[in-house]
Amino acid sequence: VFHGRILARRVVGQETRYEVEVKGRHRQRFPLVSREYLWVPNTCGCPALREGAEYLLMARRHVNHEHTLNRILLQDDGYARPWTPREERLVREAARHC
């Protein structure tokens, strides 16, 4: 789970790639750098993320069996909520209990 600002959106093949500025991290199980690519396995951009907007995102690291692909994946039904101080507080509180 992390707080990020969408910098750019690009359709690559059958997927959508977002360039994200990572602004905060919560409960991370893999390291994140200040700029990451976030992949969505469709071209409709679902969930729809607007350039310039900030979100709380729950994504997972996807590594294929050959270990030639290592990326952050946000599934269509993944957690992507517009960032607000209230949403940030709720995530922090949930992290204490989980």
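The values are calculated or read from the model by the stated rules, or taken from the named source; none is laboratory data. All values reported here derive from a predicted model rather than from experimental measurement. Note: ideal-geometry Cβ built from the backbone for every residue, glycine included; neighbour counts use all protein chains shown. Side chains included, ligands, DNA and RNA excluded: accessible areas come from the protein's heavy atoms. Shrake-Rupley method; radii C 1.70, N 1.55, O 1.52, S 1.80 Å.
Being free of Cβ contacts under 8 Å to residues at least 40 places away in the same chain and within 15 Å of R5 (Cβ to Cβ) is the requirement here; does P41 meet it?
no
Would you point out the residue of segment 16-39, among those that are aliphatic (A, V, I, L, M) and modelled with pLDDT under 90, that is nearest to N70 (Cα to Cα)?
My answer is L32.
May I ask you to list the residues in segment 51-78 that are outside any strand (DSSP E or B), touching a strand residue (DSSP E or B) at 6+ places or on another chain (Cβ under 6 Å) and open to solvent by 100 Å² or more (accessible area, probe 1.4 Å)?
E51
A quick yes/no check of all residues on (1) within 10 Å of the chain's Cα centre (by Cα); (2) modelled with pLDDT under 90; (3) of a type in the set (S, T, Y); (4) on the phi > 0 side of the Ramachandran plot:
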| residue | (1), (2), (3), (4) |
| --- | --- |
| I6 | yes, no, no, no |
| Q14 | no, no, no, no |
| P41 | no, yes, no, no |
| C46 | no, yes, no, no |
| E54 | no, no, no, no |
| R71 | no, yes, no, no |
| G78 | yes, yes, no, no |
| P82 | no, no, no, no |
| A95 | no, yes, no, no |
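How about segment 1-50: which of its residues are assigned to a strand (DSSP E or B), more than 19 Å from P82 (Cα to Cα) and touching a Gly at 6+ places or on another chain (Cβ under 9 Å)? Write out each step before concluding.
Taking segment 1-50 as the starting set, the residues that turn out to be assigned to a strand (DSSP E or B) are 2-12, 15-25, 35-40.
Now restrict to residues that are more than 19 Å from P82 (Cα to Cα): 10-12, 15.
Result: V11, single match.
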